[in-house]
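The values are calculated or read from the model by the stated rules, or taken from the named source; none is laboratory data. Predicted, not measured: the structure shown is a model, and the values here were computed from it. Counting neighbours? That spans all protein chains shown, and the Cβs are built from the backbone with ideal geometry, glycine included.
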Amino acid sequence: MIRYGVRIVQLDPWNRLEASRGAGERDDEYVLRCLRTCYHFATDMNCHVQILAHPAKMEGARRGQAPVLEDIAGAKHWDNAVDQGFTVHRPKLYERGSIKTETAFYHRKARFDELGRPCRLSLDYRLKEGRYVSVDYEI
């Protein structure tokens, strides 16, 4: 990392990573330990660490609603222990056989004011370009 000047490390997706989970270690204990390890790594290496994690299945009363950080499988630590937290939600994937591209990007948490404030941005996924664009602001 230091040799090549890496400034950002992205772990994607979280649920595919394998680590040594202690015997008898609960899911929430494991998540907190891993988050702390990532935090110390980022501090020691002076880099930005992003973790992409998918929410648990949104069933029952939560079905169709935008996920919050607590919906990520494993622990409430995804809300408590991170400096920033974001979620992405596509309310409809298909409608009458056509792909829906409307997306909402939620800035759910910012531990420090200089990192931003919680908000919602409307995005549109441009299939031909393979990227999201803001519909709230012209770029």
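Summary table
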quantity: Test: residue in segment 57-67 that is on the phi > 0 side of the Ramachandran plot and not in a helix (DSSP H, G or I); calculated: yes
quantity: Subset of segment 59-91 that is of a type in the set (A, V, I, L, M) and farther than 25 Å from Val135 by Cβ - its residue that is surrounded by the fewest Cβ atoms within 10 Å (Cβ to Cβ); calculated: Ala61
quantity: Residue match in segment 30-41 (condition: assigned to a loop (DSSP other than H, G, I, E, B) and among the hydrophobic types (A, V, I, L, M, F, W, C)); calculated: no
quantity: Matching option when the condition is among the aromatic types (Phe, Trp, Tyr), loosely packed, with under 13 Cβ neighbours inside 10 Å and without any contact (Cβ under 8 Å) to a residue 60 or more places away in the chain, among Tyr94, Tyr125; calculated: Tyr94
quantity: Filtered residues of segment 106-115 (kept if within 19 Å of Pro67 (Cβ to Cβ) and not hydroxyl-bearing (Ser, Thr, Tyr)); calculated: His107, Arg108, Lys109, Ala110
quantity: Inter-residue pairs, beta-carbon under 8 Å, first at pLDDT 80 or above and in segment 59-81, second part of a loop (DSSP other than H, G, I, E, B) and β-branched (Val, Ile, Thr), 6+ apart; calculated: Leu69/Val82; Asp79/Val68
quantity: Residues of segment 9-30 satisfying the condition of being modelled with pLDDT of 90 or more and under 19 Å from Phe86 (Cα atoms); calculated: Val9, Gln10, Leu11
quantity: Subset of segment 42-56 [of a type in the set (Val, Ile, Thr) and part of a helix (DSSP H, G or I)]; calculated: Thr43
quantity: Cross-chain or 6+ apart pairs with Cβ under 9 Å, segment 1-25 first and closer than 18 Å to His54 by Cα, then among the basic types (Lys, Arg); calculated: Ala19/Arg33
